[in-house]
Every structure is written in C-alpha cells, then in structure tokens.
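Readers should treat all values here as calculations from the given coordinates under stated rules, not as data from a laboratory. These numbers were taken from a predicted model, which means no experiment stands behind them.
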Amino acid sequence: MMEIRNFDFVAEFDFGMVIIKENNMDPTISEMKIIIANHIDISHSRLKNKEVEFLYQFIMQYDRFQSLDYLYKHCNDNLWSSDGRYTRWYEDYYYFGESEIRIFKNWSFHDDDGQNRNGTTSVEMTARKVIDWFKEHHRLPMFAGVNDIVTILI
C-alpha cells in the first residue's frame, strides 16, 4: 500500500481517490469546479471566477450556513378582487438543509377575508439558480455571520 503524505485536499470519485493539491496551495478554478459538481449541477453554466469561488466556499463551509434561517413578514394592502379591496399578509421563512446542501423557503399568506395558503419550495440546485438566489437575497440579516462568503458575489 502506498502512503501519501503532505496532502490536505482530496476528492473522492467512484473510480478511486484523486489528489488535488499539496499543503498550503489553493485549488485552481478547474479543481474547484470538480468539487462543486459533486453537490450542484454546473453543466451548461458559464461561470465567472468569482462565482466559482463563491460556490466552492459555500460548499466547503456549508456547516456555517446550516443553522441560518430568517422569517420575513410583509403585507400588501392594495390588492383588488371582484369583492373589492383586500389586504394580504405574507410570511416567508428561509432556511438551509441539514442533511444535504439545499436552500428552502416555507411560504404562507393570509387574507383579511380569511383565505389562507402555504407551502414549501426549494431553490433548484443548479449553479446559476443558486448564484441568482444569493444575489437577490444577500442583504438578509441571516447572512451577517457569513458575509465573507456571500460578498464574494457582490
């Protein structure tokens, strides 16, 4: 058996292990893409270097995102139906998956006439969808502790 020393970064594939980099060396963009592709679909995506860096950091430090959540409440009091004007209250609850890399949103609304609806959606785990979601939501207060990663995109 061969002993391998002084390597920090190892990627595992079905056909065995591939050593990516020696100690204290950052992975290249191509090497980052290999790691990203294990968790997020990057096929058919043209990614800028900073987007690759963001996705790589998001995956490698996902444990920092797992405990994050945010409840966003808002209201629209200028809606109209055949019965006249009505008000709708919304609640959007954003959170990250515990057992897999996923972004979820539980949503609900309540109208002043008693109508209610709710559901759960998740962000499609493609590179572009994840990047666009973070660009749209990067100002949420829940990202205060991971700003070093989120701001890579901005």
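Amide H of Ile40 versus every other amide H placed in the peptide plane: which residues, excluding those fewer than 5 positions away on the same chain, fall under 5 Å?
Amide H neighbours of Ile40: none.
Report, by chain and number, residues whose modeled amide H sits under 5 Å from the one on Arg102, excluding near sequence neighbours (fewer than 5 apart, same chain).
Those qualifying (amide H under 5 Å, at least 5 residues apart or on another chain) are Gly97.
Whole-Hz Karplus ³J(HN,Hα) for the stretch 52-60, in order, using 6.51 cos²θ - 1.76 cosθ + 1.60 and θ = phi - 60°, x for Gly and Pro?
For the stretch 52-60, the Karplus curve yields 4, 4, 4, 4, 4, 5, 4, 6, 5 Hz.
Pulled fully out, how much extra length does the chain show between Gln115 and Trp80, if you take 0.36 nm times their separation in residues and subtract their Cα-Cα distance?
The span from Gln115 to Trp80 would gain 11.2 nm if fully extended.
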